[in-house]
1. Just one of the numbered conditions (1) buried (at least 18 other Cβ atoms within 10 Å of the Cβ); (2) assigned to a strand (DSSP E or B) is not true of residue 204; which one?
2. I need the full set of residues from segment 122-132 which are open to solvent by 10 Å² or more (accessible area, probe 1.4 Å) and under 17 Å from residue 44 (Cβ atoms), in order please.
3. What are the residue pairs meeting all of these: first residue in segment 14-41, first residue at negative phi, second residue open to solvent by 30 Å² or more (accessible area, probe 1.4 Å) and within 7 Å of the ligand (Cβ to nearest atom), Cβ atoms under 7 Å, and 6 or more apart or on different chains?
4. Going by the structure shown, is residue 198 free of Cβ contacts under 8 Å to residues at least 12 places away in the same chain and closer than 17 Å to residue 10 by Cα?
5. More than 24 Å from residue 106 (Cα to Cα), over 20 Å from the mean Cα position of the chain (by Cα) and open to solvent by 20 Å² or more (accessible area, probe 1.4 Å): is that true of residue 24 in this structure?
6. What is the one condition in (1) outside any helix (DSSP H, G or I); (2) open to solvent by 50 Å² or more (accessible area, probe 1.4 Å); (3) in contact (Cβ under 8 Å) with a residue 24 or more places away in the chain; (4) farther than 26 Å from residue 99 by Cβ that residue 229 does not satisfy?
7. Which helices (runs of 4 or more DSSP H) does segment 23-113 wholly contain that include 2 or more residues that are within 30 Å of residue 173 (Cβ to Cβ) and aromatic (Phe, Trp, Tyr)?
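The values are calculated or read from the model by the stated rules, or taken from the named source; none is laboratory data. The structure displayed is predicted, hence computed values, not measured ones. Reconstructed Cβ throughout: ideal geometry from the backbone, glycine too, with neighbour counts over all protein chains shown. Heads up: the accessible areas ignore ligands, DNA and RNA and are worked out on the full protein's heavy atoms, side chains in. Shrake-Rupley method; radii C 1.70, N 1.55, O 1.52, S 1.80 Å.
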Amino acid sequence: MEKHKKIIITIDGWSSCGKSTLAKQVARALGYIYVDSGAMYRAITLYFLRNHIDWTDEKQVAHALEDIALEFHYNPQTETSEIYLNGENVEYVIRDLVIAEKVSDVAAIKAVRKYAVAQQHKMGKRRGIVMDGRDIGTVVFPDAELKIFMTADNAVRVERRFKELYEKNPAITIEEVKDNLEMRDYIDSHREVSPLRQADDAVVLDNTNLTPEEQFKKALHWAQERCAEVVK
Ligand code: CDP
């Protein structure tokens, strides 16, 4: 019988274009681990805000990072891994717009990226992983067997994220969500360290007009192709 070798799958792209939905679908189908790298930057931002860390001060950032422990634990109820900050499940609080408003500034800090990327490398050691983010195919796993770059029309992305956030906070406005996505996309793609960009060997997936089922089929097909190539 053909032996399947585990591969690394990276999913990068613009804010709120469905990366995590796709990553979870693919990881579940292949029995791989899913890692939401954005959750790490969001959890670090939550720690900085709660502890009034001035992140323009290198010393304060370095000390704070020493006090941060991030872990992912699988939740059988939601069937996905959730992030823990110093032992506390912060998977839901980090989705707040308050965090989204600061996360791109925090994620642009060199020491923060070094800290997060070192942990991401460890998680990829045993392969069999789907990781989504901004720099996963370009910087974290440049040798990944399958790299997907996701995109979708701006209006569609704003609408999707608005619906998600509105369920938890009906006071939110579509303008706030739109401004936040535009601001993050700008900062993420213009920062000095590991800016968001499409890897040369990435396949593009525009899901503007795709259902979750359709995007999943496409990605799974690519993954199966790459797994077969690795076995050859
Ligand atoms: O879900 P959404 O696409 O809105 O964002 P996310 O994946 O939760 O990422 C939140 C923020 O973390 C991004 O806007 C980036 O500033 C940062 N990030 C990053 O710099 N590098 C990554 N690999 C993942 C996220």
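1. Of (1) buried (at least 18 other Cβ atoms within 10 Å of the Cβ); (2) assigned to a strand (DSSP E or B), only one is false for residue 204: (1).
2. Start the filter on segment 122-132 by keeping residues that are open to solvent by 10 Å² or more (accessible area, probe 1.4 Å), which leaves 122-123, 125-127.
Matches in segment 122-132: 122, 123.
3. 36/20
4. Working: free of Cβ contacts under 8 Å to residues at least 12 places away in the same chain: no; closer than 17 Å to residue 10 by Cα: yes.
Spelling it out, it is not the case that residue 198 is free of Cβ contacts under 8 Å to residues at least 12 places away in the same chain and closer than 17 Å to residue 10 by Cα.
5. Details: more than 24 Å from residue 106 (Cα to Cα): yes; over 20 Å from the mean Cα position of the chain (by Cα): no; open to solvent by 20 Å² or more (accessible area, probe 1.4 Å): yes.
No.
6. Failing condition for residue 229: (1).
7. Working: elements: 37-50, 58-66, 97-107.
In segment 23-113, 37-50 are the helices (runs of 4 or more DSSP H) which contain 2 or more residues that are within 30 Å of residue 173 (Cβ to Cβ) and aromatic (Phe, Trp, Tyr).
Every residue, every condition in (1) farther than 25 Å from residue 6 by Cβ; (2) buried (at least 19 other Cβ atoms within 10 Å of the Cβ), yes or no:
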{"residue": "119", "(1), (2)": "no, no"}
{"residue": "134", "(1), (2)": "no, yes"}
{"residue": "151", "(1), (2)": "yes, no"}
{"residue": "155", "(1), (2)": "yes, no"}
{"residue": "159", "(1), (2)": "yes, no"}
{"residue": "170", "(1), (2)": "yes, no"}
{"residue": "174", "(1), (2)": "yes, no"}
{"residue": "192", "(1), (2)": "yes, no"}
